[in-house]
1. Would you point out the residue of segment 15-44, among those that are of a type in the set (S, T, Y) and part of a helix (DSSP H, G or I), that is nearest to R128 (Cα to Cα)?
2. Can you find a residue that is in a helix (DSSP H, G or I) and touching a residue at least 60 places away in the same chain (Cβ under 8 Å) anywhere in segment 139-156?
3. Considering P97, P83, which residue is farther than 23 Å from S156 by Cα and touching a residue at least 40 places away in the same chain (Cβ under 8 Å)?
4. Among T87, T113, T119, which is in contact with a Ser or Thr (Cβ under 7 Å, 6 or more places away or on another chain) and outside any loop (DSSP other than H, G, I, E, B)?
5. So which residues in segment 64-77 are surrounded by fewer than 20 Cβ atoms within 10 Å (Cβ to Cβ) and either assigned to a helix (DSSP H, G or I) or within 19 Å of the chain's Cα centre (by Cα) (or both), if there are any at all?
6. Can you tell me how many residues within segment 157-174 are in contact (Cβ under 8 Å) with a residue 24 or more places away in the chain, surrounded by fewer than 15 Cβ atoms within 10 Å (Cβ to Cβ) and over 19 Å from P95 (Cα atoms)?
7. Need pairs with beta-carbon distance below 6 Å; first residue modelled with pLDDT of 85 or more and within segment 7-18, second not hydroxyl-bearing (S, T, Y); sequence gap 6+ or separate chains.
8. Looking at segment 121-144, which of its residues are touching a helix residue (DSSP H, G or I) at 6+ places or on another chain (Cβ under 9 Å), closer than 30 Å to G42 by Cβ and modelled with pLDDT under 95?
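The values are calculated or read from the model by the stated rules, or taken from the named source; none is laboratory data. These figures come from a predicted structure and were not determined experimentally. In this analysis, Cβ positions are derived from the backbone assuming ideal geometry, glycine residues included, and neighbour counts consider all displayed protein chains.
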Amino acid sequence: MRRPFMSTPAQLTSLEGQQYLVLRPTAVVADAYSEVQVAALGGLRDAVTHPHTGHVTLRGFSEPERRHLLHALIREWAADQHPIELTVEAVDVFPAPWQIVILRLARTPALVTAYAGLTAALDATDFRRLGELALDDWTFHLSVVYGKHLDEDAWSDLERASVRGLPAGVTETVSEVEFVWYENGAEHAEVIPLG
């Protein structure tokens, strides 16, 4: 059974009307994610929020009225994609003001090509994209813990305890994407095969 990425009422409310294209690792990257998240949450479980399962967001959108058109474009893009290799480089952070613990991914050729191809497909449209950065500025990652509401000392402690390299070999290939949307207080998703 599919495990939702977000499920608390506050998370669902904040995402209402938005759509996301994500990769969901299910093997060694997912295992590393779970281990890092358990360690990062430690005694902070009530002070932070977090995704309920690891995922790599390729794009975010705000197209509740044109979701079907966006969905069609994503299906077309996915049909032209090869499976995507994900390799974790390190446990890292996005510093204040975001204060997010992440698993930073290597810029593998497949991941870079997929992102660039999606950008080219989207540039021919007027779909409203959320938080998009140019390829050279994008850090491929899985968000582990959102610590935005931690005070400076608590965040510094979490950052210090979290940031580290990981052993080589934390790599897996993902052969599908998920188109996820938030509507009427719930998370919905469709799995779309690549290629």
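1. If we filter segment 15-44 for residues that are of a type in the set (S, T, Y), which is where we start, we get 20, 26, 33-34.
From what is left, the residues that are part of a helix (DSSP H, G or I) are 33-34.
Numbers: Y33: 30, S34: 32 Å.
The qualifying residue nearest to R128 (Cα to Cα) is Y33.
2. Taking segment 139-156 and keeping what is in a helix (DSSP H, G or I), we get 152-156.
Okay, now just the ones that are also touching a residue at least 60 places away in the same chain (Cβ under 8 Å), so 154.
The answer is yes; a qualifying residue exists.
3. Details: P97 fails: farther than 23 Å from S156 by Cα.
The unique qualifying residue is P83.
4. Working: T113 fails: in contact with a Ser or Thr (Cβ under 7 Å, 6 or more places away or on another chain); T119 fails: in contact with a Ser or Thr (Cβ under 7 Å, 6 or more places away or on another chain).
Just one listed residue meets the conditions, T87.
5. Correct list: R67, H68, L69, H71, A72, L73, R75, E76.
6. We begin by selecting, within segment 157-174, every residue in contact (Cβ under 8 Å) with a residue 24 or more places away in the chain; these are 158-159, 161-166, 169-174.
Cutting the leftovers down to surrounded by fewer than 15 Cβ atoms within 10 Å (Cβ to Cβ) gives us 161, 163-165, 169.
Checking the rest, the ones that are also over 19 Å from P95 (Cα atoms) come to 169.
The total comes to 1.
7. G17/P64
8. Within segment 121-144, W138 is the sole residue that qualifies.
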